[in-house]
1. Pick out the one residue from Ala27, Ala62, Ala9, Ala111 that is at pLDDT below 90, more than 12 Å from the chain's Cα centre (by Cα) and among the aliphatic types (A, V, I, L, M).
2. Counting only residues that are under 15 Å from Ile30 (Cα atoms) and not aliphatic (A, V, I, L, M), which one in the range 54-89 is surrounded by the most Cβ atoms within 10 Å (Cβ to Cβ)?
3. Between a first residue in the range 11-30 that is in contact (Cβ under 8 Å) with a residue 60 or more places away in the chain and assigned to a loop (DSSP other than H, G, I, E, B) and a second residue that is surrounded by 14 or more Cβ atoms within 10 Å (Cβ to Cβ) and not β-branched (Val, Ile, Thr), which pairs have beta carbons less than 6 Å apart while being 6 or more apart in sequence or on different chains?
4. Could you list, in sequence order, the residues of the range 31-52 that are under 23 Å from Ile10 (Cα atoms) and either under 15 Å from the mean Cα position of the chain (by Cα) or part of a strand (DSSP E or B) (or both)?
5. Pull up the range 1-53, narrow it to residues that are loosely packed, with under 12 Cβ neighbours inside 10 Å and among the aliphatic types (A, V, I, L, M), then point me to the one that is nearest to Glu101 (Cα to Cα).
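The values are calculated or read from the model by the stated rules, or taken from the named source; none is laboratory data. Just so it is clear, the structure is predicted and the values come from calculations on it, not from any experiment. Note: ideal-geometry Cβ built from the backbone for every residue, glycine included; neighbour counts use all protein chains shown.
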Amino acid sequence: MSDQPRQTAILQCSFCNRECEHEVHYAGRILAHAKCSACGTVMQQSPNVLRKAYIKDLEHRAATKPLRLVRRILSDPGYLFTGLPKAIRRQPKKFVEEAKELRDPNKHPDA
């Protein structure tokens, strides 16, 4: 089971056509799947499309990380000593969770 907090969004279900709460799961910044709270339908992309989108997004995240890090340190110099070490320790777990979602998006805890 994922350690990520439960995330919800109000979306229109393409199956029951109701606008209601959906439980959403992300792989990085990419929406992996959403489950309708009204009818239980799970909407998702094919695993291959999801993986390609994730890899493209991961490349962008890696390319922009140095600039984002410099901006963060310039706006909050203390981040270098307090926030950055914590962020570095969280990264492996974050990537493992994202990889689990990509490996088999159908094996999520609440579907």
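1. Ala111
2. Tyr54
3. Gly28/Tyr54; Gly28/Asp57; Gly28/Glu98
4. Step one: of the range 31-52, the residues under 23 Å from Ile10 (Cα atoms) are 31-46, 50.
Within the range 31-52, Leu31, Ala32, His33, Ala34, Lys35, Cys36, Val42, Met43, Gln44, Gln45, Leu50 meet the criteria.
5. Per the stated criteria, the residue is Met1.
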